[in-house]
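Student: Got a structure here, written out as structure tokens. Questions coming.
Every number here is computed from the coordinates shown, using simple stated rules; none is lab data. Keep in mind the model is a prediction, meaning the values are calculated, not measured. Here the Cβ positions follow ideal geometry from the backbone for every residue, glycine too, while neighbour counts run over all protein chains shown.
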Amino acid sequence: MPGQNTGESTGHPTFEDVWVMFQETDRKFQETDRKFQETDRKIKEASRIIGDLGNKLGIVVEHLVLANIKEKFNRLGYTFTKMGPGVLIEDPDKKIITEIDALLENGEYVLAIEVKTQLRIDHVDEHLERMEKLRSYADHRRDERKFLGAVAGAVVAENVKKYAQKKGFYVIQQSGDTVIIENPAGFKPREW
């Protein structure tokens with residue numbers, strides 16, 4: 001009809017054209033959002049599986065390292081009589097002060113062992129802090145025994161081993177089908 005503008009002859013979109021574009025854009029946004037949600041779900045599931053695997057690997061490493069660790073330290077002259085894996089240290093209000101992977105004890109010494117799959121320098125530093133907490137806790141309880149520390153790992157890089165020993169820790173590491181306690185000539189463990 002003459003004088004009626006349908007939008008087709010001028011090249012401008014009609015209301016219906018714009019409405020269809022908005023609907024298509026909305027559909028694409030919804031589809032993209034659904035894909036993002038599905039991807040997010042898959043990432044969370046993969047993270048959970050990897051976390052579970054990491055925890056299981058950590059448990060295996062702890063069992064390998066701790067299997068006969070009391071006897072290995074006793075061969076160094078300590079005569080530990082008690083060993084506790086997974087020890088929680090709590091204050092009187094049952095608030096956890098720290099957790100220790102393994103604690104060896106006798107009347108004179110307490111040895112706190114931290115076990116990691118792959119030992120890193122930050123793990124050594126964290127264990128230093130843990131040792132300070134243990135000493136403070138022991139002082140509060142009038143426990144005058146000497147506290148020693150050890151760090152262990154299935155994988156321990158040379159620089160990490162040297163760093164840990166410099167900080168006064170025994171280093172326990174996987175060697176073939178057994179574990180060894182690294183204490184080079186002249187090594188003197190730090191006492192807290």
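Student: For a footprinting-style exposure proxy, rank E114, E132 by other Cβ within 10 Å, fewest first.
Tutor: Working: E114 23, E132 13.
Final ranking by Cβ density, sparse to dense: E132, E114.
Student: Something else: Please compare each pair in K42/K94; K70/K167; K70/K116 to a cut-off of 26 Å on the Cα-Cα distance and tell me which ones are over it.
Tutor: Pairs exceeding the cut-off: K42/K94.
Student: Still on this structure, please answer the following. Calculate the dipole size of the stretch 68-182 relative to its Cα centre from +1 charges on Lys and Arg beta carbons and -1 charges on Asp and Glu beta carbons; express the result in debye to the nearest 20.
Tutor: Result for the stretch 68-182 is approximately 260 debye, rounded to the nearest 20.
Student: Can you list the lysines whose alpha carbon sits under 21 Å from that of K35, skipping same-chain ones fewer than 8 residues off?
Tutor: List returned: K44.
Student: I need F80, F15, F187 ordered by Cβ neighbour count within 10 Å, fewest first. Don't jump to the answer; show the numbers that get you there.
Tutor: Details: F80 20, F15 8, F187 13.
Taking fewest neighbouring Cβ atoms as first place, the list is F15, F187, F80.
Student: Let me ask something additional. For the stretch 68-182, evaluate the Debye formula with one uniform point scatterer on each Cα (no solvent term) and list log10 I(q)/I(0) at q = 0.19, 0.20, 0.22 Å⁻¹, rounded to two decimals.
Tutor: Ignoring solvent entirely, the Cα scatterers give -1.02, -1.12, -1.32.
Student: Let me ask something additional. Give me the aspartates and glutamates in straight-line cross-link reach of K188: C-alpha distance below 20 Å, same-chain residues under 8 apart excluded.
Tutor: Partners within reach: E71, E105, E108, E114, D125, E129, E132, E144, E158.
Student: Still on this structure, please answer the following. Any chance you could check the Cα centroid distance between the stretch 16-40 and the stretch 89-158 for me, in angstrom?
Tutor: 55
Student: Just for the stretch 73-192, what percent of DSSP beta bridges are antiparallel, to the closest 5?
Tutor: If I count the DSSP bridges inside the stretch 73-192, around 55 percent turn out antiparallel.
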